[in-house]
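The values are calculated or read from the model by the stated rules, or taken from the named source; none is laboratory data. Since the model is a prediction, treat every value here as computed from it, not as a measurement. Positions of Cβ are generated from backbone atoms using ideal geometry, with glycine treated the same way; all protein chains shown enter the neighbour counts. Accessible surface is based on the protein model in full, side chains and every heavy atom, while ligands, DNA and RNA are left aside. Shrake-Rupley method; radii C 1.70, N 1.55, O 1.52, S 1.80 Å.
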Amino acid sequence: GSSKRFGIVRWHAHVSPTPAWTPASANRSTIRCMRVPTASMYALRVALCLAASAAAGPTAAPGACPAVGAEKSCGDPGDEAVLLQRLRAERAELATVVSAAATSRSQAVQSGKRAVAYEGGGWLAMTAYAGLMAGMSSVVDPQGPVTDILKEFEIISSTSGGSWLSLSMAYSESFLTGLQDMKDSAGSNPERAVELWSLWLQALTAKMPVCSFFETVRYLLLMTKRLISLGYSWDHSHIRTLTKKQQGAISESTATLSKGSLHIPGFQEWREACQLLHMDWSDTVVRMLDATAKISPQATFADNPHNPWVEGKTLIQTMTIPSRTEWNTTYEPMSNENHIDHRAVGEHLLYAPHGSDVPQYIPAKVAWTVGEDTDKQPKRSFCAEPKCFNLEFEYKLHNGDPGEKVAMAPVFQKAMVDQVGKLPLTMVAAASSAFDSVDDVAHAPSFMTVVLGEGAIWATRAENGETFADGKEVNEVADTAASDVALKLAAGRAMFPLADGANSDPLGIAQAIAAGATDIVSLQTAWWDSHPLDSAVFSAGGAYGVGPLFADYTEEEFLRDFNTTARRTAGPEGSNVVNIKWFQKELETVDNRLFGINAGIAVRLTCVFVHVKDITIGPPTVHLEAYGPMMRDIIIALRMNETFTRELAAQFRA
């Protein structure tokens, strides 16, 4: 009867396989006899087979599935028991296929390397991931080193503030000692995280004193001058959306100053902005790491002692080469004029990119295998390909006259690859986190162009690890020397800017895949409108137009998984920590020439989020002291739900 028939159909559908299966070896050439209605059951079987073949991709055998409408006559319908027996045999065959497919995909993933990737996000990223690792380690390995959570990863890929953390953990004994202290105190005294952060701030202030009241006012006036020179108004969309708190602080500070009061609402954040951002960005990062991690400005990859846990691991610091063009650009204003100097008047010194369909953001990286001698480092390139898309920089003046072209691939190879061991650690960290660089060289409207000094990190073809020092010197000359002198110097030294890795690989996962990783744990923060900041990585165009990474996984699906995953634990009541959560996806890559990634690579991606509220990446939109309590609350959240924490920590194991 119909009730039995539909019961069987429902049972058959219930045992259909999960999406991630590869039936390469399954034999579907035999069409089994099915009871009335044969067409319905046959159609179901064809649909299952076609779905399996689609999942198998190029490994599916041609003609493995029967054609729709090719069902055979069963003759005498026979007995229900016969049909049930045959359907059970079908179920056993499909279960075998699913098992074989899962094993095949797992083997494909395990054949590659394992990587942990730190998303960028300034001070928020650095402290959130530190709290996450300390909290997890305190639950799953109370007596062991905090770095044991990372021992099975071969690649540490990081961006921006994530690079501050990875380099500090790798090359700073004092920083790692503090992180271990935080972990060891997690069970008995989670407040220790706040105390340790206070010590970090004290060390920072000793090297970079907080601005006085009058220094802060002078800084605010300088900001106003920059606003006027760039043609800003407070109605500009970037200012309106990014800096509502700052607008209020400025308007209220003006009113309060007129009354002669020393207390200005929001003034402490502006004092910290003055403390950290009034200088060039390279100076900010160099001084900060020198003060808080005791990594000296002269420390290099090859010469600075490293902590034992990182021996043999490959460190990747992502960065970006800004190359704004007229034919392929999305940020304002559209032009191929990239500024080297910051002259208010006169002939501006520019570089214009030329090459093979050069994108506006060219992904780049500095990579170093810790403990290997320089001459034994794997052969690498700064861009995805050795010729770097035939990139040339044309150095010229704003008057429109033709300039001097320089092929950049040999420059990058000499400065950033051949002598990578001699590169200063702190300057590499500065380049990986230079979040205003792209707008700086474009003279484009950007809030950080106003609050920062020089945002771009400049480098040249100089040898012996002097590329950054030489770039800074040439850039200073370019702002003051005669135009023709500056032009000759810039072209002769082949100077080039470097920008935040977040402008091309904000999660750090693309460079990890390009380096051979197929099993990646991606640590991310969520704070912007309560969703991940860098979801565009999964959009059709990829992050900032660098192209997609994965097939059949959209930005909408990523956000849905973020919002609906049941794998989460809430922060303490009243905390800025909303929750900590994670989900895992089995994905497959598409071709991406900008990263040198081929299609068809099976990747297991585990996304781990620290979701916060009312905390951003750094001053002036948040007070630095806020990060200490946030780290404490991350640790408390993980210890409150040990079942969740153990399951999460298991994803860090092979």
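Applying the selection to the range 388-422, what residues are open to solvent by less than 70 Å² (accessible area, probe 1.4 Å), part of a strand (DSSP E or B) and either at pLDDT 95 or above or out of contact with any helix residue (DSSP H, G or I) (no Cβ under 6 Å at 6 or more places or on another chain) (or both)?
Across the range 388-422, the qualifying residues are GLU392, PHE393, GLU394, TYR395, LYS396, VAL406, ALA407.
When the residues of the range 538-573 are filtered to those that are polar (S, T, N, Q) and open to solvent by 80 Å² or more (accessible area, probe 1.4 Å), which remaining residue is nearest to the chain's Cα centre (by Cα)?
Taking the candidates together, the pick is ASN563.
Do you know which of the residues in the range 373-386 that are surrounded by fewer than 16 Cβ atoms within 10 Å (Cβ to Cβ) and of a type outside the set (Val, Ile, Thr) is nearest to GLY596 (Cα to Cα)?
GLU385
Within the bounds of the range 484-503, is there any residue that is out of contact with any Pro (no Cβ under 9 Å at 6 or more places or on another chain), surrounded by fewer than 18 Cβ atoms within 10 Å (Cβ to Cβ), over 25 Å from ILE597 (Cα atoms) and basic (Lys, Arg)?
yes
So if I check each of GLY453, GLY471, GLY465, which one is modelled with pLDDT of 90 or more and either in contact with a Pro (Cβ under 7 Å, 6 or more places away or on another chain) or over 18 Å from ILE321 (Cβ atoms) (or both)?
Checking each option against the conditions leaves just GLY465.
Assess whether ARG343 counts as being open to solvent by 10 Å² or more (accessible area, probe 1.4 Å) and within 23 Å of SER433 (Cα to Cα).
When the stated conditions are applied, ARG343 does not pass them.
Residues of the range 277-318 being touching a Gly at 6+ places or on another chain (Cβ under 7 Å), of a type in the set (D, E, K, R) and over 21 Å from PRO145 (Cα atoms), which ones?
ASP280
Is it fair to say ALA517 is surrounded by fewer than 24 Cβ atoms within 10 Å (Cβ to Cβ) and either more than 30 Å from LYS151 (Cβ to Cβ) or in contact with a strand residue (DSSP E or B) (Cβ under 8 Å, 6 or more places away or on another chain) (or both)?
When the stated conditions are applied, ALA517 does not pass them.
Mind listing whichever residues of the range 101-147 are modelled with pLDDT under 95 and among the hydrophobic types (A, V, I, L, M, F, W, C)?
Listed by number, the residues that qualify are ALA101, ALA102, ALA108, VAL109.
Please give the number of the condition GLN584 fails out of (1) within 16 Å of the chain's Cα centre (by Cα); (2) modelled with pLDDT of 95 or more; (3) not in a loop (DSSP other than H, G, I, E, B).
Here GLN584 meets the rest and fails (1).
Go through the range 535-587 and report how many residues are out of contact with any Gly (no Cβ under 8 Å at 6 or more places or on another chain) and either at positive phi or not hydroxyl-bearing (Ser, Thr, Tyr) (or both).
36
Select, from ASP633, ASP591, the only residue that is charged (D, E, K, R) and surrounded by fewer than 21 Cβ atoms within 10 Å (Cβ to Cβ).
It is ASP591.
Kindly provide the set of residues from the range 447-483 that are among the acidic types (Asp, Glu) and open to solvent by less than 30 Å² (accessible area, probe 1.4 Å), ordered by number.
GLU454, ASP470
Just to be sure before I move on: is GLU215 farther than 24 Å from MET630 by Cα, open to solvent by 20 Å² or more (accessible area, probe 1.4 Å), modelled with pLDDT of 90 or more and among the charged types (D, E, K, R) in the structure I sent?
yes
Out of the range 478-493, which residues are within 14 Å of HIS339 (Cα to Cα) and modelled with pLDDT of 90 or more?
ALA486, LEU487, ALA490, ALA491
Which number in (1) free of Cβ contacts under 8 Å to residues at least 12 places away in the same chain; (2) open to solvent by less than 10 Å² (accessible area, probe 1.4 Å) marks the one condition that ALA526 misses?
ALA526 satisfies every listed condition except (1).
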